[in-house]
Amino acid sequence: GVLPAAAYEAATAAASYANAAAAVRKVLTGSVSVALYLEFLYRNAHADLTILKNLTAATDQRKALLHGAVVFANALMHGGTTRDTFLRANLEWLSRAANWNKFSATAGLGVIHMGHLDQALNLLAPYLPPADGGGGGGGGGG
């Protein structure tokens, strides 16, 4: 079971080459930079939820523009951090969204979870069309 020195060196070189190739592949596909970017965003997110809470209390629900502004502010404050606690805590308030604000709330959820592809797609699945392409195109366009 002992390998000759030349075979051992060849196996070690092949393993080293495979490790280097895997590292280069990660860099070229962008997974390293995405991981570093997301870690930076999460570590440096210091958004104050009190600001959002005060904005929701101060906005009139009949004013769609103000409702949308709070949704956008939340998305910008928490972009890429996966911190969707404000949305989860205010589901009843968020459910009052209509038309474009409903779309904006879904888009904001995507912004909050950007870069976290596996989790984001699972989270947004109820809002996205089915993968089989059913439902036809342009049914509700206008």
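The values are calculated or read from the model by the stated rules, or taken from the named source; none is laboratory data. What you are looking at is a predicted structure, and each value in this text was computed from that prediction instead of being measured. Neighbour counts are summed over all protein chains in view; Cβ atoms, including those assigned to glycine, are modelled from backbone coordinates with ideal geometry. Note: areas computed on protein heavy atoms with side chains; ligands, DNA, RNA excluded. Shrake-Rupley method; radii C 1.70, N 1.55, O 1.52, S 1.80 Å.
Quick notes on this one:
- G68 vs. criteria under 14 Å from the mean Cα position of the chain (by Cα) and either open to solvent by 60 Å² or more (accessible area, probe 1.4 Å) or touching a residue at least 12 places away in the same chain (Cβ under 8 Å) (or both): no
- Among (1) open to solvent by 80 Å² or more (accessible area, probe 1.4 Å); (2) within 20 Å of L124 (Cα to Cα), the one test that A97 misses: (1)
- Test: residue in segment 72-88 that is among the acidic types (D, E) and surrounded by fewer than 16 Cβ atoms within 10 Å (Cβ to Cβ): no
- When restricted to residues that are over 16 Å from N74 (Cβ atoms) and open to solvent by 70 Å² or more (accessible area, probe 1.4 Å), segment 43-52 contains 1.
- Filtered by the rule that a residue be under 18 Å from A98 (Cβ atoms) and exposed (fewer than 14 other Cβ atoms within 10 Å of the Cβ), segment 53-65 gives D60, Q61, R62, K63, L65.
- Within segment 50-62, residues that are of a type in the set (D, E) reach partners that are open to solvent by 50 Å² or more (accessible area, probe 1.4 Å) with beta carbons closer than 9 Å, at six or more positions or on different chains, in the pairs D60/L66.
- Of note, L91 satisfies the criterion of being out of contact with any strand residue (DSSP E or B) (no Cβ under 8 Å at 6 or more places or on another chain), under 24 Å from L128 (Cβ atoms) and either surrounded by 18 or more Cβ atoms within 10 Å (Cβ to Cβ) or without any contact (Cβ under 8 Å) to a residue 40 or more places away in the chain (or both).
- Among residues of segment 4-22, those that are hydroxyl-bearing (S, T, Y) and more than 37 Å from the chain's Cα centre (by Cα), counted: 2
- Residues that are exposed (fewer than 10 other Cβ atoms within 10 Å of the Cβ) and either modelled with pLDDT of 85 or more or part of a helix (DSSP H, G or I) (or both), drawn from segment 1-20: A5, A6
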